[in-house]
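The values are calculated or read from the model by the stated rules, or taken from the named source; none is laboratory data. Every value quoted in this text rests on a predicted model; they were computed, and no experiment measured them. Quick reminder, even Gly has a Cβ in these numbers, built from the backbone with ideal geometry, and neighbours come from all protein chains shown. Just so you know, the surface numbers come from the protein's heavy atoms only, side chains and all, with ligands and any DNA or RNA stripped out. Shrake-Rupley method; radii C 1.70, N 1.55, O 1.52, S 1.80 Å.
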Amino acid sequence: MNFVCSSAVFNGKKGKQGLPLLCIQLIAGQERSWPELAQAHRALADVRTRDVVCDGFTVRLQHNPGRTVNSIASVNRQDIKARACFLCAESLPQEQKGILYRDEYLILCNPRPVFHSHLTVTYVRHIPQAIAGSIDALLQLAADLGSGWAVLYNGPQCGASAPDHLHFQAVPSGQMPIEKETVDKKRLAMIAEVDGIPLARMRGMGREIMVLTGDNPSALGNAFKKLLNSLQRALCINEEPMMNIAAFYEDGTWRLLIFPRQKHRPDVFFREDDERVVVSPAVIEMGGVIVAPMEKDFERIDAPLVEGIFREVSLDATTVDGAVAKMLLATRSP
Ligand SMILES: [Zn+2]
């Protein structure tokens, strides 16, 4: 890896600077030394937002032209193979600095942010985006960043703009409507306990959301892998089930939100006429912030369209029921 771009190191040793402070220093330093990032952060101040009240939940539309490249990025295998990986250290912009995190990841500023202080956390080697082997790292990162941040994951076929290179995102907490909604107990239906880890399902959110909560990261990681395995069996697939993940950590407890998916982009995304709507749902959209890079989409997106997109891209309730049933059966088996 290219250590030239590592400006700080975090290895979790006691007595060293905490990770949140290192990130704040990284962001401030990059705003001074990297004009593109400074400009992107300034542009966020002018981004228009509008709340759309849907059936039982609310989303925030964000008209962010800076995200056009991300929203329309091709993720098909041939195109990915043909391009140089933009997350590999040797391809990073010359101005980019990072924090070498626990020897395995590089924490970087995202030059096309959805929120101020939007970070990309890339694995130091070029290996495919996959969660089973990296869930423990994601939980560790959430704990090291603390309650001020959310750690995000997009599956390789449902939102990751680099499905060939393992990466997470981190954004300041409090930005996505789902964060408030998920602590509202009325919305949570407890459905199972997996090795002592409660699994809940959110109700009335217009899309499937599963919530694992726990204070033991290895038990939580194992429960997550059992859920992943049950989804695989319910879908009769060997590859990773499509999903987005948001992880939060506060007072020693992790909360893992899992958005199971059945489709990356809705049909309206592929229309070739004026009816095309450029919305490419990834974890931030599933969390309730819908990025609309085109102004006409920002103007016309309404509740029925949002509800329809969620219905189309979220895994259906029957399949989720089947996965939960399989998991309970496996948990009870000797
Ligand atoms: Zn790469």
* residue 167 accessible area, assembled protein chains, probe 1.4 Å, Å² -> 10 Å²
* Among all the lysines, which ones have a C-alpha under 20 Å from residue 326's C-alpha, if same-chain residues fewer than 8 places away are not counted? -> 225, 226
* Asked: Taking the alpha-carbon centroid of each part, what is the distance from the stretch 194-218 to the stretch 86-165 in angstrom?
  -> 23 Å
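How large is Rg/Rh for the chain, to two decimals, with Cα atoms and a Kirkwood Rh?
Values: Rg = 19.3 Å, Rh = 20.4 Å.
Computed over Cα atoms, the ratio is 0.95.
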* To do: Report, ordered by chain and residue number, the aspartates and glutamates lying within cross-link reach of residue 263, taken as a straight Cα distance under 20 Å and ignoring same-chain residues fewer than 8 apart.
  => 79, 164, 208, 239, 240, 272, 275, 285, 307, 312, 316, 321
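If you put +1 on each Lys and Arg Cβ and -1 on each Asp and Glu Cβ, how big is the dipole of the stretch 127-271 around its Cα centre, in Debye rounded to 20? Spell out each step's value before the answer.
On the way: 15 positive and 15 negative charges, 137 e Å.
It works out to roughly 660 debye.
May I ask you to derive the relative contact order of the stretch 3-332, considering only C-alpha pairs under 8 Å and at least 6 residues apart, and to give it as an integer percent? Mind dumping the intermediate values first?
Values: 630 pairs, mean separation 65.3, N = 330.
Taking the mean separation of contacting Cα pairs over the length of the stretch 3-332, I get 20 percent.
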* Structure fact -> Of the residues 283, 157, 89, the Cα lying farthest along the dipole of the chain towards its positive end, which is defined by charges on the beta carbon of Lys, Arg, Asp and Glu, belongs to 89
* To the nearest 20 debye, what is the magnitude of the charge dipole of the chain about its Cα centre, counting +1 on the Cβ of each Lys and Arg and -1 on the Cβ of each Asp and Glu? -> 560 debye
* Distance cut-off 14 Å, percentage of C-alpha pairs in the stretch 226-308 lying past it -> 71 percent
* Structure fact -> Dipole check, the stretch 3-332, charges on Cβ (K,R +1; D,E -1), about Cα centroid: among 146, 257, 26 the Cα furthest to the positive pole belongs to 146
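Provide the packing ranking of 273-283, 222-232, 177-187, i.e. peptides ordered by the mean count of other C-beta atoms within 10 Å per residue, highest first. Don't jump to the answer; show the numbers that get you there.
Details: 273-283: 18.0, 222-232: 21.0, 177-187: 15.5.
Put in order of decreasing packing, that is 222-232, 273-283, 177-187.
Counting only helical runs of four or more DSSP H residues, what would the 222 nm mean residue ellipticity of the chain come to if each run contributes -39,500 (n - 2.57) and the total is spread over all its residues?
It lands at -9500 deg cm²/dmol.
Explain nothing, just the number: relative contact order of the stretch 39-146, from Cα pairs under 8 Å at least 6 residues apart, as a whole percent. Write down the numbers at each step before the final one.
Numbers: 87 pairs, mean separation 21.7, N = 108.
In percent, rounded to a whole number, it is 20.
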* Would you list which lysines come within 22 Å of residue 16, measuring only between C-alpha atoms, while excluding same-chain residues fewer than 8 positions from it? => 97
* Structure fact -> Expressed as a whole-number percentage, the relative contact order of the stretch 139-238 with C-alpha contacts under 8 angstrom and at least six residues apart is 15 percent
* Nearest-0.05 FRET efficiency for residue 237 and residue 58, computed from C-beta distance (R0 51 Å) -> 0.95
* Asked: Karplus couplings for the stretch 116-131 from phi (6.51 cos²θ - 1.76 cosθ + 1.60, θ = phi - 60°), rounded to Hz, Gly and Pro as x?
  -> 4, 6, 7, 10, 10, 10, 9, 5, 6, 10, 7, 10, x, 5, 7, 9
* Using packing as a proxy for protection, rank 301-309, 135-143 so that the peptide with the highest average count of other Cβ atoms within 10 Å comes first. => 135-143, 301-309
* residue 46 to residue 312: extension gain in nm, 0.36 nm per residue of separation minus the Cα-Cα distance? -> 92.7 nm
* Asked: Looking only at the stretch 281-301, which residues have a backbone nitrogen under 17 Å from a spot 7 Å from the Cα of residue 79 in the C-beta direction?
  -> 281-282, 293-294
* Asked: Which value, in Å² and to the nearest 10, is the accessible area of residue 68 when all protein chains are kept and the probe is 1.4 Å?
  -> 40 Å²
* To do: Leaving ligands, DNA and RNA out of it, work out the accessible area of residue 271 with a 1.4 Å probe and give it in Å² to the nearest 10.
  => 100 Å²
* To do: Please give the FRET efficiency for residue 13 paired with residue 271, using the beta carbon to beta carbon distance and R0 = 51 Å, rounded to the nearest 0.05.
  => 0.45
